[in-house]
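Single-structure report; data block below.
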Amino acid sequence: VAEPNRLKILEMLSCGGMCACDILNYFNFTQPTLSHHMKVLEDNGLVIVDKKANWHYYSLNRAAADFLISNLTEALSVTKDCICNDKNKKC
């Protein structure tokens, strides 16, 4: 997910659904490369695909994106229970 092109795709889809051909217009890579990126995002639940004949329409799975953001925010926040405060660190 942290791959820059995938983040850009998620940003684009945050504005609304798009077909693969429209997404591809914003990048300097091939359709198979786009398909790979979309498959990774779909497999991770961040993108929903709607297949109609030969067209693929993608949209952001807002619930999954919100869940990811919430968990990352919590995981990266320093609290009193954070392992970074562990006094038993050896180095």
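The values are calculated or read from the model by the stated rules, or taken from the named source; none is laboratory data. Note that the coordinates shown come from a computational prediction; the quantities given were computed from them, not determined experimentally. In this analysis, Cβ positions are derived from the backbone assuming ideal geometry, glycine residues included, and neighbour counts consider all displayed protein chains.
Of the residues making up the range 44-78, those that are surrounded by 14 or more Cβ atoms within 10 Å (Cβ to Cβ) and part of a loop (DSSP other than H, G, I, E, B) are Leu46, Asn61. Considering every residue within the range 63-74, establish whether at least one is modelled with pLDDT of 95 or more and among the aromatic types (Phe, Trp, Tyr). Checking the range 63-74: not a single residue is modelled with pLDDT of 95 or more and among the aromatic types (Phe, Trp, Tyr).
The listed residues are Leu41, Leu24, Leu10, and the only one of them that is more than 18 Å from Leu72 (Cβ to Cβ), surrounded by 13 or more Cβ atoms within 10 Å (Cβ to Cβ) and either under 11 Å from the mean Cα position of the chain (by Cα) or not β-branched (Val, Ile, Thr) (or both) turns out to be Leu24. You will find that of Asp66, Asp81, the residue that is more than 28 Å from Ala20 (Cα to Cα) and of a type in the set (D, E, K, R) is Asp81 and no other.
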